[in-house]
Amino acid sequence: MTTYSDHLPSLDHQPYQHLFKPGFVHRRLYIDEDIFQQELLYLYGRTWLYIAHESEIANPNDFITRRVGGRPLIISRHATGSIHAFFNRCTHRGAIVCREPRGNTKGFICGYHAWTFNITGECTSVPLRQGYGKSFNLAQASLQPVARLESYRGFIFASYSKDVPSLTEHLGAAARLIDQWLDRGEKEPVVVQNGAMPFLVNANWKTIYDNAGDGYHPPFSHESMLKVFSNRYGDVDMNYYGSDFDKSPMYSKNLGNGHTFLDQRPEMHKLSAWKRQHVMPGYEVMENALIEKYGEAHALPMLDASTGSGMNLNIFPNLLIIGNQIQMPEPLAANKTLLTWFATSREGVPEEINAIRMRMQEDFPSFGEVDDSANFEACQEGMASIPEMAWIDIRRHQDTKVGALDPADQLWREPMSSDLHMRTYWQRWQELMNAGATRALVEAGVA
Ligand code: FES
Ligand SMILES: [Fe+2]
């Protein structure tokens, strides 16, 4: 089995060590532009990144463009069904070739001097080609593909370095949870082609990643939202955050390789998840229509499976599966991140089910994400503006000795409110960043 540190010289080079102490991380990790640029090289450049879902390019000659880990990409599907990903950067003078977010085409013509590329990125023509002489080779002018490209059950991942383990090894225990997310209810294929909601957040990408596994904040950050729901609709979803939720069966888990999992299913799906939903536009109309068509015994499980998954599955560094949605944080600067929520639907289910899924997926980003975004920006401002206070606290449940191996899978779990998530990914962060910094020294001939 290969690891991310394979082929490194035995050089004990740990340039970030002074930014960590047990239970704390230094504010520079969130605000320093040099560290941010190093992250793009050493971390985003050296691990698997989620780039798209196969359903976003469902048909032959479909393409999308997207920045992932700072690099503009074209992700496309050939007529044979094969999937391709290459840098959206002209091999001539470096221009962005395709300037559309998505479409269906047989090829791409660069707007500057009209070099032309087909759907798999091969260069097919260059105007006035004779000007380059006889040695010019079209094949050498093709758009550069990513170094590795693999899919796991519809989720497309790329690596910009070929020197990474297989995707399956990288996903590890997270793969089984992707399976559970996909195979819920009647297991119809998931479709990610329902529009997306992008937020520009004035905060470091890790403030978002921190929050994705933070089971401590919901009753406090989202207090007003939860109060509106319970005042209007009584004992509805998320009311289980009302008391000491660390005593609940919900938990936080370390999946390895920086991936983590918050499991709310033991509470959210304890009774009928559908019956505990608060009222939403069309709730009764759609429920009645389904019961009429399929009978209550069949309709209720379908409705239950349409509600949020109760899962926060965080695949380091840029895939967050939350409820029924997919979130991608795209780092733009040390203090700027584009965060996109993708709604999902199911292929081949009654239209009412997808309508209900959509109403529920509009709900949290509209009412809850504003709370979270305000906190991301408040953290960034506090961390950036007070040099006298350097450290960020990630100690929750570090010393309470309540963590344990889950007998079902031998993975480490801690109570819901633990900072296990942050301690887990920061460890992965250090491994990748130290390896990257060591490599850079070797390449510079210093070591
Ligand atoms: S930069 Fe693309 S054709 Fe010249
Ligand atoms: Fe939140």
When averaged across all projection directions, what area in nm² does the alpha-carbon convex hull of region 327-447 cover?
13.6
HN-Hα J couplings of region 213-221 from phi, Karplus 6.51/-1.76/1.60, θ = phi - 60°, integer Hz, Gly and Pro as x?
x, 8, x, 8, 7, x, x, 9, 5
Hey, what did the chain get for relative contact order, percent, Cα under 8 Å, at least 6 apart?
22
If the elastic network links every pair of Cα atoms under 10 Å, which of F86, F199, F136 fluctuates the most in the Gaussian network model of the chain?
F136
Distance from the Cα centre of region 395-447 to that of region 205-266, in angstrom?
21
Selected from E284, E33, E347 as most flexible by GNM, with the chain as the system and alpha-carbon contacts under 10 Å
E284
May I ask which residue of L41, Y30, F63 lies farthest towards the positive end of the charge dipole of region 19-88, with charges of +1 (Lys, Arg) and -1 (Asp, Glu) on Cβ and the Cα centre as origin?
Y30
Provide the packing ranking of 334-343, 252-261, 419-428, 186-195, i.e. peptides ordered by the mean count of other C-beta atoms within 10 Å per residue, highest first.
252-261, 419-428, 334-343, 186-195
Add -39500 (n - 2.57) for each DSSP H run of 4 or more in the chain, then divide by its residues: what number comes out at 222 nm, to the nearest 500 deg cm²/dmol?
-8500 deg cm²/dmol
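Values in this text are rule-based calculations from the coordinates and carry no lab data. The structure presented is a predicted model; accordingly, all values stated were derived computationally and were not measured. Using ideal geometry, Cβ is built from the backbone for each residue, glycine included, and neighbour counts are taken over all protein chains shown.
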